[in-house]
Amino acid sequence: MPLTDAQGRSITYLRLSLTDRCNFRCSYCSPLSAEQREDPLSVEEVARLSRIFAGLGVRRVRLTGGEPTLRRDLLEIVAAVGAAPGIEEIALTTNGQALAALAAPLHRAGVTRVNVSLDTLDPGKLERLSGRAASLTRILDGIRAAHAAGFSSVKLNAVVMRGFNDGELGDLARFGWSAGAIVRFIELMPFGEGVPVPIAEVKALLEAQGIRLEPDDSRGWGPAYHMRGESSGPGGPQRGLLGFIGAMTENFCDGCNRVRVAADGTLRACLGGREKAALKPMLRAGASDEAIAEAIRAALFAKGEKHDMAGGHPLLPMIGTGG
Ligand code: SAM
C-alpha cells in the first residue's frame, strides 16, 4: 500500500540528509562544529533505505544536509539511490561552494535537479552570514557549471532576512534569470538568528525594486508556488519565473508530500514536528525490510495536520533534520 499519513496525504518525496557537517556557518541554521563526530548512513544503508522507500511509493529523492558535497562518496550515493527500482528523480541542495567541479559528474551520476542557496550577491555580507569559507566567486562558478552541465532545473534559494538582504531581492531575481535559474524566496523559519520578512512583503519589495509580478499557474513539486516576473530595471528588460515559499505566513501543509531522514538515520515526519523513527539502529541490528517499512508507516501516521513552528516549542535544528 502506498505511504500515506493520517490525513490521507500521500508521501512520494524523500529528503535525505547525508551529513550534519557543513563548511558554512549560516546564522539562521546551526551546523555541527568540525570537532563533533558523526556516524552518517553508509552508501549501502542509503541504498537499502532507498529501496524500502521506493517500495512504499516514494518517487523523488532530494539529497541535502548539512552540506552534501562534503561526502566523499557522494557520487556512489547518487548511483545507489538511482539504482532503487521506482526512484524517478534525484535532486540535490547545496551551498554551491564545491559545485563547479562536481556539477558535471553529479549530472552524469543521475542527479537531474540542483538547488543552490544564494542569499546575497555581496561577498562581504555572504562572509558575515556564512563564515569565511563562503566564497561568492566559487558559488557563482558553481551555478554557471550547473547550467552548463544540463540539469533539468537549477534553482536558487534565497532566505529573506530583514535588514540583511531585503534591499537586494530585485537584483537576486535579475541575477537568477541571467544565470538561467529560478530564484525562490523563502520565509525565514525560526531555527536560528535573523528577522523574517513575510512573503506578502517580499512581493511588495520586489515590486518596489523594479520587478512586476503576475500570477502563474505552474507549481514546483514542493511547497513553492511561482509568479511571473518582469524587470525593466538595470541591465535592460528581463522576465522569468520566481518562486515563493511562505512556511510561516502561507501554510502549505495541506499539500505535504514529503518525509525526511536526518543524517543520523532518524526519520522525521515533519520539519516542525516531533514525530520520528530511529531507522539507523534498525538497519544496523538486522531488522527486516518489512519491519523498517512498518516503522516508517507508523511515524507518518502519527504526523500532525499542520506544522507548529510558530507555536513556541523548541524546534529540532534544521541542520540535524536536513533542510
Ligand atoms: N548546505 C546546503 C545548502 O546550503 O543549501 C543544504 C542544506 S541547507 C539546511 C538547505 C536549505 O535550508 C538552504 O536553502 C537554506 O537556506 C535553508 N534554510 C536553513 N535554515 C533555514 C531557516 N531558518 N529558514 C528557512 N530556510 C532555511
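The values are calculated or read from the model by the stated rules, or taken from the named source; none is laboratory data. Just so it is clear, the model here is predicted, and its values are computed rather than measured. Don't worry about glycine lacking a Cβ; one is built from the backbone with ideal geometry, like all the others, and counts go over all protein chains shown. Areas reflect the complete protein model, heavy atoms only, side chains present, ligands, DNA and RNA absent. Shrake-Rupley method; radii C 1.70, N 1.55, O 1.52, S 1.80 Å.
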Per residue solvent-accessible surface (Å²) - the chain, probe of 1.4 Å: 42
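Can you bin region 98-226 into rounded, prolate or oblate? Criterion: square roots of the alpha carbon gyration tensor eigenvalues sorted a ≥ b ≥ c, rounded for a/c under 1.5, prolate for a/b above b/c, oblate for the rest.
On the way: a/c = 1.79, a/b = 1.26, b/c = 1.42.
Judged from the Cα gyration tensor, region 98-226 comes out oblate (a/c at least 1.5, b/c at or above a/b).
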List Asp73, Asp119, Asp254, ordered by accessible area with a 1.4 Å probe, largest first: Asp254, Asp73, Asp119
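Which percent of the accessible heavy-atom area of the chain goes to carbon and sulfur, probe 1.4 angstrom?
Numbers: 7300 of 13590 Å².
C and S atoms contribute 54 percent here.
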Inter-part distance where region 213-268 and region 172-202 are each reduced to a Cα centre, Å: 9
Under-5 Å amide H pairs with Ser30, H placed in peptide plane, nonlocal only: Met318, Ile319
Table column - 3J(HN,Hα) (Hz), region 183-191, Karplus curve with 6.51, -1.76, 1.60, x for Gly and Pro: 8, 10, 8, 10, 6, 4, 9, x, 9
Of Lys155/Lys280; Lys155/Lys303; Lys280/Lys303; Lys203/Lys303, pairs whose Cα-Cα distance is over 25 Å: Lys155/Lys280; Lys155/Lys303; Lys203/Lys303
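If we sort 97-109, 76-88 on the protection proxy, mean other Cβ atoms within 10 Å, highest first, what's the order?
Numbers: 97-109: 19.5, 76-88: 17.8.
Answer by packing, highest mean first, reads 97-109, 76-88.
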Overall form of region 192-242 per C-alpha gyration tensor (a/c, 1.5; a/b vs b/c): oblate
Cα-based helix-to-principal-axis angle, 199-208 vs the chain, degrees rounded to 10: 30
DSSP beta bridges in region 119-227 [antiparallel fraction, %, rounded to 5]: 35
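Evaluate the relative contact order of region 173-237 (contact order divided by residue number), counting alpha-carbon pairs under 8 angstrom at least 6 apart; express in whole percent.
Numbers: 55 pairs, mean separation 13.4, N = 65.
For region 173-237, the relative contact order is 21 percent.
Relative contact order for region 89-178: what percent, with Cα pairs under 8 Å and sequence separation of 6 or more?
On the way: 125 pairs, mean separation 32.8, N = 90.
RCO, region 89-178: 36 percent.
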Rel. contact order, % - alpha carbon contacts under 8 angstrom, at least six apart, the chain: 21
